[in-house]
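This report concerns only the one structure given below.
Here, each number is a calculation from the coordinates, and none is a lab measurement. Model, not experiment: these values are computed from the prediction. Note: ideal-geometry Cβ built from the backbone for every residue, glycine included; neighbour counts use all protein chains shown.
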Amino acid sequence: MKVYPQLYTDNKPRLFIYWTSDAYQTTGCYNLRCPGFVQTSRSVVLGGAISPVSIFGSKQYEITVHVWKDQKQGNWWLSLGADNLIIGYWPSELFTNLDYANEVHWGGEVVDSHSFGRHTKTQMGSGRFPFEGFGKASYFRNLEIVDSNNFQPIQRLKTNAEKEYYDIKNLDIDEEWGTHFFYGGPGFSTHTHSGVVPLTVRLIFICFSLNFFIII
């Protein structure tokens, strides 16, 4: 999910995908703006505004995301929702050296051009720090991968955050939410100092096939 006024000319949160096969050098694009991702469903508009959205201190909405590799054809598939609605796939020829995933990243990031000589005021997540918890801070839950066709809970994770602007609450594991964490923050304010940085949660072991399960 992303808010990107320069691309969409508004401040609405939107469902998006992006691909690159050379670390953003010459390949890749958002959604369907270049040949690459093949959409097979007409039910979802990639880049479309999301509605309804969570209300601070009130009702919360979630999106379930699955990504997995077809071991026969080599395509990487995307599906959404509890009913596993298939949206489309990234053809195998886009990623000729991607037989399996080495890492999976969960989290958020912001663009920081250091305008005015300081960190951006761009918020991450709900704009609240993770210690405020459910109903206020953004979160990921039920993080899983698939290795040899078996779901595996995420247990070994490395976290990275610029705590003055964005933070991440201790990773927890429980029966209902599985592996989960709260994250986000307000960006620059008069109570913080200048600095930079994206927030990511990094999986640190290798898997042979991938299916990451995210609810945001």
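Quick notes on this one:
- Those residues of the stretch 1-37 whose amide nitrogen sits under 15 Å from the label point placed on Glu93, 7 Å along Cα→Cβ: 35-37
- Fully extended contour minus Cα-Cα distance, from Gln152 to Asn170, at 0.36 nm per residue: 4.5 nm
- Short-range pairs are left out: with C-alpha atoms under 8 Å and at least six residues apart, the relative contact order of the stretch 106-162 is 19 percent.
- Local charge for Tyr18 was computed over the other residues whose Cβ lies under 10 Å away, with Lys and Arg +1 and Asp and Glu -1, and equals +2.
- Taking other C-beta atoms within 10 Å as the exposure proxy, Arg128, Arg156, Arg33 rank Arg156, Arg33, Arg128 from fewest upward.
- When peptides 58-65, 5-12, 75-82 are sorted by average Cβ neighbour count within 10 Å, with the highest value leading, the order is 75-82, 58-65, 5-12.
- Residues in the stretch 164-178 carry Karplus couplings, in order, of 5, 10, 9, 9, 9, 7, 3, 5, 10, 9, 9, 5, 7, 9, x Hz; the curve used is 6.51 cos²θ - 1.76 cosθ + 1.60 with θ = phi - 60°, and Gly or Pro positions show x.
- Close amide H partners of Asp147, meaning residues 5 or more places away or on another chain with modelled amide H under 5 Å apart, are Gln152.
- Exposure proxy for Thr27, Thr96: other Cβ atoms within 10 Å of each Cβ, ordered fewest to most, give Thr96, Thr27.
- Förster radius 35 Å - calculated FRET efficiency between Ser115 and Asn160 (Cβ-Cβ, nearest 0.05): 0.90
- Cα-based reach from Lys72 at 17 Å (exclusive), listing aspartates and glutamates while leaving out same-chain residues under 8 positions away: Glu93, Asp99, Asp147
- Counting 0.36 nm for each residue step from Asp10 to Ser51 and taking away their Cα separation leaves a gain of 13.3 nm.
- Counted charge near Ala49, where neighbours are those whose Cβ lies closer than 10 Å (Asp, Glu -1; Lys, Arg +1): +1
- Proximal lysines relative to Lys2, as straight alpha-carbon distance under 29 Å, when same-chain residues fewer than 8 apart are discounted: Lys12, Lys59, Lys69, Lys121, Lys136, Lys158, Lys163, Lys169
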